[in-house]
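Coordinate-derived values only; no laboratory data. Computed from a predicted structure; not experimentally measured. Cβ placement follows ideal geometry from the backbone for every residue including glycine, while neighbour counts extend to all protein chains displayed.
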Amino acid sequence: MSDPNPIARDWINALSSNDPILYERILQPMVGIRVWNPNGLRVARPRNLVIQFLIAEWSAWNDATIELLSSAATQDRIAVEFRIQATENAAYVEHNRSAFLKLKDDQIESIDLYCPAPFPSARRKGWIAPANVSAAQVCQLFESWQNSYDVRESVPMNYAGAGGMRGWMGGSGDAHPGSNGVGQTKWSAEEADAKIQEIIDYHRQRNLGFHWMVNPFDSPSDLRERLDRHGLVLAGDQALMARVGLDNLDIPTNPDIKIELIDGRNDEAIEARLQIVGTCFNWTKEQIDARRPNFFERAKDAKARENEIGFLARLNGKPVADSRVILSTGIAYLGGASTLPEYRGQRIYSTLLRKRLEVAHERGYNVAMIHAEPMSRRVVSKYGFKEYGKAYLYGWMPVMDMQVIKSLVPDD
């Protein structure tokens with residue numbers, strides 16, 4: 001990105017360096033700052049107090065990084081968007097901020113700094129998990145993965161949601177429980193039951209089903225038992241599985257399978273992937289239709305394809321399986337691979353598994369992770385993947401349909 005004004009980059013450099021000298025170069029002696037945040041307003045003036053405030057905040061983080069997202073300038077004003085990522089209270093978070101800088105004589109005369117509340121984050125760029133990660137670190141990577149989607153790069157189509165440090169809820173608004181979800185709760189035992197009931201009431205009022213993913217790092221620790229008491233039904237589980245070290249891949253393949261890289265140019269291949277996923281994960285026609293725009297948008301987005309790599313497997317020219325690997329948050333994440341039921345048992349899944357791990361290894365990745373449902377679990381467990389925990393999927397509907405809820409976690 002080229003900066004409309006070099007002062008935007010100087011501002012970012014001063015923040016990240018935490019160096020008073022750099023601040024003095026870009027700030028007027030009588031500069032003032034207004035800091036707008038969820039707790040209210042803070043102000044400081046002149047320069048020594050402004051610098052003191054900015055340095056104190058940055059010094060509270062031991063591992064902070066900063067990224068310039070965008071900037072725009074007029075003759076005497078600059079608007080800067082930037083993201084800070086850091087560990088706070090044992091959680092990795094991000095602050096998406098905006099600064100409006102008023103200039104005088106090529107220095108900053110006043111600062112309006114807008115600071116929304118932080119939310120959970122993951123290491124976005126420039127870091128790859130090493131091949132010697134411990135079991136505890138793998139578990140941390142699974143927790144971090146929940147926040148891997150960077151909404152700054154793309155807002156999903158046909159989706160509305162909200163969340164923060166204490167949980168997330170969102171979906172398409174389709175009545176099917178697979179279309180609306182809840183997760184990542186960080187609640188106290190005292191408040192949990194009331195919050196569960198609020199979520200049930202929200203969906204009941206709108207005649208919507210929803211699913212609830214319970215991970216090992218959610219709280220309270222007895223969340224599953226509480227969901228049971230509130231009438232949610234266990235649909236199934238996913239094993240948190242990882243392979244550490246991606247060399248020496250001894251995974252059998254089917255030489256008759258032709259693997260096609262999804263490059264965004266073949267609409268037939270993209271639609272074939274969507275239909276295969278829909279069939280294998282029991283999506284309704286309404287769910288497929290709702291997810292089609294986002295499916296095509298991601299497949300045709302060259303930037304998204306850099307790290308979200310999709311494959312279509314063909315047997316005798318017929319599309320029979322889909323898979324993808326997402327290179328993000330320092331790991332290679334294996335997104336739901338799907339083989340049409342009538343073609344299973346022909347090493348199609350293992351062929352796609354090996355292809356994805358080869359691509360990840362070529363790109364320098366050392367750790368592959370998957371939320372493995374029963375079918376995937378039976379395959380990947382043969383090829384170096386170990387289990388590090390379980391996630392449990394619960395479902396709720398205004399009128400309970402056990403067949404629909406159980407279909408949320410395919411097991412055949």
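The label-point distance for F100 and R204, in a model that sets each label 7 Å from Cα toward Cβ, rounds to 4.5 nm.
Every Cα-Cα pair in the stretch 6-120 was counted, and those over 25 Å apart are 15% of them. Relative contact order of the chain, please, whole-number percent, based on alpha carbon pairs below 8 angstrom and at least 6 residues apart. Relative contact order for the chain comes out at 16 percent.
Residues within the reach of a label modelled at F296 (point 7 angstrom out along Cα to beta-carbon, backbone nitrogen below 14 Å), restricted to the stretch 247-276, are 264-275. Annotation: aspartates and glutamates with alpha-carbon distance below 13 angstrom to K186 (same-chain offsets under eight excluded): E143, D218, D222. Shown for M169, M157: other C-beta atoms within 10 Å of each C-beta, ranked fewest to most, produce the order M157, M169. For the options N132, N366, N89, a Gaussian network treatment of the chain with springs between C-alpha atoms closer than 10 Å singles out N89 as fluctuating the most.
Output the 0 to 90 degree angle, nearest 10, between the alpha-carbon long axis of helix 189-205 and the longest principal axis computed from the alpha carbons of the chain. Between the helix axis and the principal axis of the chain, the angle is about 70 degrees.
For the options A162, A189, A239, a Gaussian network treatment of the chain with springs between C-alpha atoms closer than 10 Å singles out A162 as fluctuating the most. For the stretch 6-120, averaging the sequence separation of C-alpha pairs within contact (under 8 Å, six or more residues apart) and dividing by the residue count gives a relative contact order of 27 percent. Rounded to the nearest 0.05, the FRET efficiency derived from the C-beta distance between N254 and R305 at R0 = 35 Å is 0.90. Between R265 and F53, the modelled labels are 5.4 nm apart [label points 7 Å from Cα along Cα→Cβ].
The HN-Hα couplings worked out from phi for the stretch 258-268 by the Karplus form 6.51 cos²θ - 1.76 cosθ + 1.60 (θ = phi - 60°) are 9, 9, 9, 6, 7, 10, x, 9, 10, 5, 4 Hz, whole numbers, x standing for Gly and Pro. Under the combined filter of DSSP loop state and at most 12 neighbouring Cβ atoms within 10 Å, the stretch 63-165 retains these trypsin sites (Lys or Arg not before Pro): K125.
Report, in degrees rounded to the nearest 10, the 0 to 90 angle that the Cα long axis of helix 348-362 makes with the longest principal axis of the chain. Computed tilt is about 30 degrees.
Taking Cβ atoms as reference points and 14 Å as the exclusive limit, the residues near I276 contribute a net charge of +2, counting Lys and Arg as +1 and Asp and Glu as -1.
Once the chain from S219 to Y159 is taken as fully extended at 0.36 nm per residue, the excess over their C-alpha distance is 19.1 nm.
For the chain, the longest principal axis of the Cα atoms and the long axis of helix 285-300 meet at an angle of about 60 degrees. Between the stretch 342-406 and the stretch 238-314, the C-alpha centres lie 13 angstrom from each other. Each 10 Å bin from 0 upward holds the following percent of the Cα-Cα pairs of the chain: 4, 19, 27, 24, 16, 8, 2, 0. Note that the stretch 293-412 shows a convex hull volume over its alpha carbon atoms of 155 Å³ per residue.
Loop-located trypsin sites (Lys or Arg not before Pro) across the stretch 298-373 with a Cβ neighbour count of 15 or fewer within 10 Å are R344, R363, with loop assigned by DSSP. Suppose we keep just the DSSP beta bridges with both residues in the chain; what percent of those would be antiparallel, to 5? Antiparallel: roughly 85 percent of the beta bridges in the chain. The dipole here belongs to the stretch 6-120: it is taken about the Cα centre, uses +1 on the Cβ of Lys and Arg and -1 on the Cβ of Asp and Glu, and is about 320 debye.
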